[in-house]
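A short worksheet on the structure shown next.
The values are calculated or read from the model by the stated rules, or taken from the named source; none is laboratory data. None of the values given here were measured: they were computed from a predicted structure. Cβ: placed from backbone, ideal geometry, glycine included. Neighbour counts: every protein chain shown. We work out accessible area using only protein heavy atoms, side chains counted, and drop any ligands, DNA or RNA first. Shrake-Rupley method; radii C 1.70, N 1.55, O 1.52, S 1.80 Å.
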Amino acid sequence: MKVLFDHQIFAQQRYGGVSKYFAEVIRRMPAGSWKISNAFSDNHYLEEFGLARTHPFPIKRDFPGKGRILNYLGMPVSIVDIVRNDFDVFHQTNFHYYSDTFLRKPMVTTYHDVNFLTGFNRNERMIRLQTRSLRRADHVVAVSENTRKDLLEYFSFVDPAKVTVIHHGIDAPYYATADRVCEYPYILFVGMRHMFKNFRRFAEAFALMAPKYPGLKVVCTRYGFSAEEREFFRKLGIEERMEVVEAPEETLNRLYRDAEMFVFPSLYEGFGMPILEAMVNGCPVALADASCFPEIAGDAGAYFEPESIDSIATTMSGILDDTAYRDSLIARGRQRSRLFSWQHTADAHMAVYQSLL
């Protein structure tokens with residue numbers, strides 16, 4: 001059996017949960033059972049895991065539209081690989097659908113969340129692409145029970161029997177060095193800072209509690225602060241206490257390990273991979289009581305009301321002020337993370353592929 005993965009998500013993301021998920025599954029598939037159809041990519045996980053059978057894009061720095069350019073460059077390569085028909089199952093990595101003029105084999109698609117269908121991040125083009133893909137797909141992988149429920153609610157034409165829930169996994173952390181990334185105490189925020197990520201309420205909550213904890217900072221990953229964000233921090237009086245660290249995998253693990261806590265205030269997520277990343281690294285987790293988070297974190301998280309700034313601030317202070325409570329969150333988090341394995345995730349995908357032959 002051979003599974004073909006298209007280029008899309010690896011072209012569009014340098015870092016990101018979706019491309020990491022695909023890379024983690026692919027690296028555990030048997031040798032010769034997969035192919036990534038790709039032309040140019042600077043995806044971190046393909047390179048980190050030794051999966052990069054691509055040409056590195058000559059411009060290393062990020063710039064607006066870079067992902068779109070890489071996506072267009074990769075599209076002809078994906079089409080050629082599909083036309084060759086030298087595979088048994090096609091797993092698309094994002095929602096551009098290749099018509100049956102090219103694709104004549106079973107197709108799997110992964111559904112992550114309904115953000116593009118809601119007021120958080122509504123995108124009519126993505127809704128059309130998702131609808132076409134879901135109509136064509138022979139099987140759909142949902143990343144959580146909550147996502148499966150939302151998928152079947154919004155896309156009533158999808159046959160529930162064709163939807164399998166497969167959780168993401170986590171591995172034991174790896175540290176190339178024991179050194180701290182940041183010498184000061186900090187609260188960690190990981191990933192994008194879009195509206196549905198609820199970052200502004202989190203920043204306001206930090207501003208409420210900041211005077212009580214001199215020297216405590218917030219460390220964000222992914223990309224630098226915009227001028228608008230810096231002005232927002234200035235008005236809150238916390239501009240000097242907000243930092244950004246570029247964090248490839250090993251650096252991110254150390255950031256989790258040494259943080260006072262990881263905070264995940266999102267209003268909605270399909271899975272929430274950073275929850276497991278924090279837990280396996282011994283980092284206490286404060287997170288929104290919303291979406292799929294209770295499904296993933298169970299009793300190992302400190303929950304707050306995501307639309308209440310006071311609730312977010314009170315929960316964070318509770319972890320900082322009570323060492324025993326913080327230690328219990330760490331212990332429960334480590335135990336909880338053992339329920340999730342990338343090998344199990346990969347094996348479950350292989351079972352889906354086999355079922356379509």
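If each residue of separation counts as 0.36 nm, what is the full-extension length gain between Tyr174 and Ala31 once their alpha-carbon separation is subtracted?
Residue separation times 0.36 nm, minus the Cα-Cα distance, leaves 49.1 nm.
Using 0.36 nm per residue, how much length does the chain from Glu153 to Lys66 gain when fully extended, once their Cα-Cα distance is taken away? Spell out each step's value before the answer.
Numbers: separation 87, 0.36 × 87 = 31.32 nm, distance 3.42 nm.
Value of the extension gain: 27.9 nm.
How would Arg338, Arg222 line up by accessible area, probe 1.4 Å, largest first? Before the final figure, lay out each step's value.
Details: Arg338 160, Arg222 90 Å².
Result, largest first: Arg338, Arg222.
So what is the relative contact order for the chain, in percent, with contacts set as C-alpha pairs under 8 Å and at least six apart? Walk me through the intermediate numbers first.
Details: 625 pairs, mean separation 58.5, N = 357.
Contact order relative to length: 16 percent.
Go ahead and estimate [θ] at 222 nm for the chain from helices alone: -39,500 (n - 2.57) per DSSP H run with n ≥ 4, summed, over the residue count, rounded to 500. Write down the numbers at each step before the final one.
Numbers: 14 runs with 148 residues, N = 357.
Result for the chain, helices only: -12500 deg cm²/dmol.
Using +1 at the Cβ of each Lys and Arg and -1 at the Cβ of each Asp and Glu in the chain, identify which of Ala313, Ala178, Thr251 lies farthest towards the dipole's positive end.
Result: Thr251.
Using a 1.4 angstrom probe on heavy atoms only, work out the carbon and sulfur share of the accessible area of segment 162-289 in %.
On the way: 2520 of 4960 Å².
Answer for segment 162-289 is 51 percent, counting heavy atoms of protein chains only.
Before anything else, pin down the relative contact order of segment 109-188: Cα pairs under 8 Å, at least 6 apart, normalised by residue count, whole percent.
It comes to 29 percent, rounded to a whole number.
In percent, how large is the relative contact order of segment 1-115, given Cα pairs closer than 8 Å and 6 or more residues apart?
On the way: 170 pairs, mean separation 39.7, N = 115.
It comes to 35 percent, rounded to a whole number.
For the chain, what is the accessible area per residue in Å² when the probe is 1.4 Å?
43 Å²
Dipole magnitude of segment 1-46 about its Cα centre, charges +1 at Lys/Arg Cβ and -1 at Asp/Glu Cβ only, in debye to the nearest 20?
Details: 6 positive and 3 negative charges, 29 e Å.
Dipole magnitude for segment 1-46 comes out near 140 debye.
Given the options Met29, Ala39, Leu287, identify the residue whose Cα lies farthest towards the positive end of the charge dipole of the chain (+1 on Cβ of Lys, Arg; -1 on Cβ of Asp, Glu).
Positive-most Cα among the choices belongs to Ala39.
Beyond a 31 Å Cα-Cα separation, which of these cross-linked pairs lie in this structure: Lys35/Lys66; Lys20/Lys235; Lys2/Lys162; Lys66/Lys197?
Values: Lys35/Lys66 24 Å; Lys20/Lys235 36 Å; Lys2/Lys162 21 Å; Lys66/Lys197 23 Å.
Check vs 31 Å cut-off fails for Lys20/Lys235.
Give the ranking of Asp88, Asp289, Asp150 by solvent-accessible surface, highest area first, calculated with a 1.4 Å probe.
Accessible-area ranking of Asp88, Asp289, Asp150, largest first: Asp289, Asp88, Asp150.
To one decimal place, what Kirkwood hydrodynamic radius in Å is obtained for the chain from all pairs of distinct Cα atoms? Mind dumping the intermediate values first?
On the way: mean 1/r = 0.0469 Å⁻¹.
In the chain this quantity evaluates to 21.3 Å.
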